[in-house]
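Since the structure comes first, as structure tokens, the remarks are kept for the end.
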Amino acid sequence: GENVEQHPSTLSVQEGDSAVIKCTYSDSASNYFPWYKQELGKGPQLIIDIRSNVGEKKDQRIAVTLNKTAKHFSLHITETQPEDSAVYFCALNRDDKIIFGKGTRLHILP
Amino acid sequence: DTGVSQDPRHKITKRGQNVTFRCDPISEHNRLYWYRQTLGQGPEFLTYFQNEAQLEKSRLLSDRFSAERPKGSFSTLEIQRTEQGDSAMYLCASSFSVYNEQFFGPGTRLTVL
């Protein structure tokens, strides 16, 4: 089945610095790549997504890049703030379902 | 609140008991998904419905698990003869179509003693 490899598993960055999380996949049929943020005790919340017909998408401090040839996509968070501390999941579609990576725990250091 | 809701939020049960969880999706969404999430892992797909039809079930969904969506609105997930390995967060999500964002509920945390 489809696997999504996500790195790193834990990331600590100084407040105000940038954070980058990377994911790789194997199935070239995937064409939808969402990123979710999950805070303690809550369900995952979509923060940004990208479809295979574009290479980059930005929404304020968050951006995602996609390289379909190399089969990898990345999440970039700039000017990090304390409220960015959470677990982030990359994901992709396979048939009618979403397959998630194992997550990255992001710590924003004061 | 018009988001996805799940009930109960927490459930503690003894091994061998049956449990049932409920999910109420966003009202206009025709697709409803169930996922399971264990500690330190991403959500894993269990099953999904389009309206009242159950279209796919994961191999993770053993015979002890059953899900229904009788009127194409809310859904229930039942686990019979619970085992300690069933302890997890059970998440429900809904969407208007497969290409749109899946909105997740807060989850039901199950602890099997």
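If I filter the stretch A:35-57 down to residues being basic (Lys, Arg) and within 16 Å of B:LEU91 (Cβ to Cβ), which single residue comes out as nearest to the chain's Cα centre (by Cα)? Steps first, please.
We begin by selecting, within the stretch A:35-57, every residue basic (Lys, Arg); these are A:37, A:42, A:51, A:57.
Add one more test, that the residue is within 16 Å of B:LEU91 (Cβ to Cβ), and what stays is A:37, A:42.
Working: A:LYS37: 8, A:LYS42: 17 Å.
Step by step, filter the stretch A:35-57, then rank; the result is A:LYS37.
Name every residue in the stretch A:20-34 that is more than 11 Å from the chain's Cα centre (by Cα) and buried (at least 17 other Cβ atoms within 10 Å of the Cβ), in order of residue number. Give the derivation first.
So in the stretch A:20-34, the residues more than 11 Å from the chain's Cα centre (by Cα) come out as A:25-32.
If the condition is that a residue be more than 11 Å from the chain's Cα centre (by Cα) and buried (at least 17 other Cβ atoms within 10 Å of the Cβ), then A:TYR25, A:SER30, A:TYR32 are the ones that fit.
When you look at B:ARG64, is it at positive phi and at pLDDT 95 or above, yes or no? Before you say what the answer is, go through the steps one by one.
Working: at positive phi: no; at pLDDT 95 or above: yes.
Spelling it out, it is not the case that B:ARG64 is at positive phi and at pLDDT 95 or above.
I'd like to know if the stretch B:95-102 contains one or more residues that are open to solvent by less than 20 Å² (accessible area, probe 1.4 Å) and either of a type in the set (Asp, Glu) or within 12 Å of another protein chain (Cβ to nearest Cβ) (or both). Steps first, please.
Residues of the stretch B:95-102 open to solvent by less than 20 Å² (accessible area, probe 1.4 Å): B:95, B:102.
Okay, now just the ones that are also either of a type in the set (Asp, Glu) or within 12 Å of another protein chain (Cβ to nearest Cβ) (or both), so B:95, B:102.
Checked against the condition, which is being open to solvent by less than 20 Å² (accessible area, probe 1.4 Å) and either of a type in the set (Asp, Glu) or within 12 Å of another protein chain (Cβ to nearest Cβ) (or both), the stretch B:95-102 yields at least one hit.
Please state which of the following conditions B:LEU61 fails to meet, knowing it meets all the rest: (1) touching a strand residue (DSSP E or B) at 6+ places or on another chain (Cβ under 7 Å); (2) within 11 Å of chain A (Cβ to nearest Cβ).
(2)
Looking only at the stretch A:40-60, decide whether some residue is in contact (Cβ under 8 Å) with a residue 24 or more places away in the chain, farther than 18 Å from A:GLU5 by Cβ, of a type in the set (Val, Ile, Thr) and more than 11 Å from chain B (Cβ to nearest Cβ).
no
Suppose we keep only residues that are over 16 Å from B:THR47 (Cα atoms) and touching a residue at least 24 places away in the same chain (Cβ under 8 Å) within the stretch B:63-84. Which one would you say is least open to solvent (accessible area, probe 1.4 Å)? Talk me through it step by step, then tell me what you get.
Of the residues in the stretch B:63-84, the ones over 16 Å from B:THR47 (Cα atoms) are B:71, B:80-84.
Next cut, touching a residue at least 24 places away in the same chain (Cβ under 8 Å) only: B:80-84.
Working: B:GLN80: 65, B:ARG81: 130, B:THR82: 2, B:GLU83: 89, B:GLN84: 109 Å².
Only one residue tops the list, namely B:THR82.
Check A:ALA70, A:ALA63, A:ALA91 and return the single one that is part of a strand (DSSP E or B), more than 13 Å from chain B (Cβ to nearest Cβ), on the phi < 0 side of the Ramachandran plot and of a type in the set (A, V, I, L, M, F, W, C).
Numbers: A:ALA70 fails: part of a strand (DSSP E or B); A:ALA91 fails: more than 13 Å from chain B (Cβ to nearest Cβ).
Step by step, each of A:ALA70, A:ALA63, A:ALA91 is checked, and only A:ALA63 is part of a strand (DSSP E or B), more than 13 Å from chain B (Cβ to nearest Cβ), on the phi < 0 side of the Ramachandran plot and of a type in the set (A, V, I, L, M, F, W, C).
Taking A:GLU83 and the conditions (1) of a type in the set (Asp, Glu); (2) exposed (fewer than 15 other Cβ atoms within 10 Å of the Cβ); (3) within 10 Å of another protein chain (Cβ to nearest Cβ), which numbered condition does it fall short on, given that it satisfies the others?
Looking at each condition in turn, A:GLU83 falls short on (3).
Looking only at the stretch B:77-91, decide whether some residue is over 25 Å from A:ILE50 (Cβ atoms) and in contact with a Pro (Cβ under 9 Å, 6 or more places away or on another chain). Even if it seems obvious, please write down each step before you answer.
Here is the first cut: in the stretch B:77-91, the ones over 25 Å from A:ILE50 (Cβ atoms) are B:77-90.
Remaining after also requiring in contact with a Pro (Cβ under 9 Å, 6 or more places away or on another chain): B:89.
Yes, the stretch B:77-91 has at least one match.
Taking the stretch B:3-58 as the search range and keeping residues that are among the aliphatic types (A, V, I, L, M) and in a strand (DSSP E or B), which one is farthest from the other protein chains (Cβ to nearest Cβ)? Talk me through it step by step, then tell me what you get.
So in the stretch B:3-58, the residues among the aliphatic types (A, V, I, L, M) come out as B:4, B:12, B:19, B:26, B:32, B:39, B:46, B:53, B:55.
Filter once more, keeping what is in a strand (DSSP E or B): B:12, B:19, B:32, B:46, B:53, B:55.
Numbers: B:ILE12: 16, B:VAL19: 19, B:LEU32: 12, B:LEU46: 9, B:ALA53: 12, B:LEU55: 7 Å.
Result: B:VAL19.
The values are calculated or read from the model by the stated rules, or taken from the named source; none is laboratory data. Quick caveat: nothing in here was measured; it's all calculated off a predicted structure. In this analysis, Cβ positions are derived from the backbone assuming ideal geometry, glycine residues included, and neighbour counts consider all displayed protein chains. Surface areas here come from the heavy atoms of the whole protein model, side chains and all, with no ligands, DNA or RNA. Shrake-Rupley method; radii C 1.70, N 1.55, O 1.52, S 1.80 Å.
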